[in-house]
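These notes are about the structure you will find just below.
Where a number appears in this text, it was derived from the coordinates with a stated rule and is not lab data. Predicted model only: the values in this text are computed from it and were never measured. Neighbour counts run over all protein chains shown; Cβ positions are idealised from the backbone, glycine included.
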Amino acid sequence: MKIALAQINPTVGDFRGNTAKILEYTGRARQGGAALVLFPELAICGYPPADLLEKPDFVRRCGEAIEEIAGATAEDGIAVIAGYVTPAPQGSGKHVMNTAALLRAGQVEFMQSKMLLPFYDVFDEQRYFVPAAKQRILELDGTRAALTICEDAWNDKSFWENRLYQVDPVEELMKQGAGLILNISASPWWRDKHPLRREMLAAIALRHRVPVAMVNQVGGNDSLVFDGSSLVIGPDGQVIAQASSFQEDLIFADLEAGTGDCRTENEDVNVAMLEALTLGTRDYVHKCGFRKAVVGLSGGIDSALVAAIAVRALGRENVTTLGMPSPYSSQGSIDDSRKLAENLGIRYEIIRIDEIFGAFRHGLAGIFAGMKPDITEENIQSRIRGVLLMACANKFSALVLTTGNKSEMSTGYCTLYGDMVGALAVIGDVLKTRVYDLCRVVNAQREVIPRSILEKPPSAELRPGQKDTDTLPPYEVLDPILEAYVERYETPEEIAAARNLDCAMVHRVVQMVERSEYKRQQAAPVLKVTPKAFGMGRRFPIAVKVQV
């Protein structure tokens, strides 16, 4: 059998657009000689639809779309498998099921709902869906196939040391005599996810000695980035077809011959992370109905990277940058920002905030009488910049991209309603040391980010001679602490012992993390590119007393 994997980028709730895309790719798959084309999990409505699933009209429109696509198969002469939402059985306590349908000869010929519903990190499927009570083999032109949906393939006892579920849907289906495993997925990307997914699917193919075909959604939806990277793996565990990463694609595989389309890909994690951030930024802006972005340039490395990503994502003509120097901004930072803008070919405007800052200080002079300047005045500068960025975004019909990194968000080294202002935290899941790695990728072909930006000591420039190390440990010391504490939940004592660090210093860092939860929960959505990002996958109370 020759099959096609249609790796598409759906938009949540865009039934008309998603249906048109599915019909387009179905036609292309038929022209390519495929007997079957696979589309991702919930391709009809987009993933994750969240509380839209509670709306009866949303579920109704899913059903109408699947019927329209099924009708088209009467003329195409090709079988289609796509994911959508179906009503749950009466009395089940929830409204919907996550379902895959086989569409052929003008009708919905077969349906299989998802059995394993993830409820960890960014996944919240048990909130909405009723799990399938049973599974059936799909008969397809003489081939008996196991049709599974994403998580259903993530519980192989021979691969996972600790399993989350008692049942393995793949194993149960294989007992019914399946000779092929089909998996439609919406599996988000983060660092190291791609090789893990590939190894897991290869282990399933080897264990059951059958081909495995997995089609994965691609694109950004809110904080999540889906990489695609769809695969067909032979019974020997070897990849016989591989789709592109971070872009739509259609690939073919001949299961009998064991051959297929294989796209080349770069295995460098920093290259992949930059591609993920670019795709996530583009789709967030476009799917929110915008085309343009505004970025504040400080002359530092973080805003330089965000500006470079914005240009990659949106095009130079759609990016406006602002330099907003205060009395403490160095001429070098202004020059560096201007040089960066020239290298990127983007608009760069300077709005000095000296007089505005002076007006604020004058207005507060009475109530602050007798009190020395401190972080209050530093934050006023940042908040003035936030207002100016938002004003330009409103005027230009654009979104502000925030420029704070994960190291800053972790420790609270950022200003609410100041540098945290914006619609999307592009690098909010990127530690400072990784920011430098990504900048080197940006500069791989030519110097886009000036060397002077890469080499200067990091500084917020909100007071004379200020350096980040006045408040934080050096980033090469800080970032491993944050990675261990935020992503792996190691204790301060474990972190200090494993890295031969001063335990008191580690405790101070951890206290900064704990005190800053209220800031993070008011932050812009963060593009997730690590196993544990700030956002919906990390849920902690704000009003709490944590012993560290």
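Side notes on the structure shown:
- Seen against the Cα atoms of the chain and their longest principal axis, helix 15-31 is set at about 50 degrees.
- Helix 432-442 and the longest principal axis of the C-alpha atoms of the chain enclose an angle of approximately 70°.
- Tensor-based shape of region 392-453 (alpha-carbon gyration tensor, a/c under 1.5 rounded, otherwise prolate or oblate): oblate
- Exposure proxy order (Cβ contacts within 10 Å, fewest to most) of Glu161, Glu172: Glu161, Glu172
- By other beta-carbon atoms within 10 Å, ranking Lys21, Lys395 with the fewest at the front produces Lys395, Lys21.
- With Cα atoms, 0 to 90° folded angle of helix 354-364 axis to the chain main axis: 80 degrees
- Correct choice for Rg and Dmax of the Cα atoms in Å that was computed from the model, options [x] 25.6, 87; [y] 23.9, 78; [z] 26.2, 92: [x]
- Cα centroid separation, region 82-131 to region 326-368 (Å): 53 Å
- Anisotropy class of region 2-259 from Cα gyration tensor, a/c 1.5 cut: rounded
- Cα centroid separation, region 45-80 to region 205-281: 24 Å.
- Among the trypsin sites (Lys or Arg not before Pro) in region 280-317, those placed in a DSSP loop whose Cβ has at most 15 other Cβ atoms within 10 Å are Arg291.
- In region 488-539, the chymotrypsin sites (Phe, Trp or Tyr not before Pro) that fall in loop regions by DSSP, at most 11 other Cβ within 10 Å: Tyr489
- Stretching Gln176 away from Phe396 to a fully extended chain increases their span by 73.2 nm, per 0.36 nm per residue minus the current alpha-carbon distance.
- Computed on region 402-547, with alpha-carbon pairs under 8 angstrom and 6+ residues apart, the relative contact order is 33 percent.
- Fewest-first sequence of His507, His194 by Cβ atoms within 10 Å of each Cβ: His507, His194
- When only Cα pairs below 8 angstrom with a gap of at least 6 residues are kept, region 170-328 shows a relative contact order of 16 percent.
- Take every Cα pair under 8 Å whose residues are at least 6 apart in sequence, average their separation, divide by the length of region 272-468, and the relative contact order is 26 percent.
- Loop GluC sites (Glu not before Pro), region 447-548 (other Cβ atoms within 10 Å of the site Cβ: 14 or fewer; DSSP): Glu447
- Once you reduce region 427-465 and region 506-548 to the center of their Cα atoms, the two points are 24 Å from each other.
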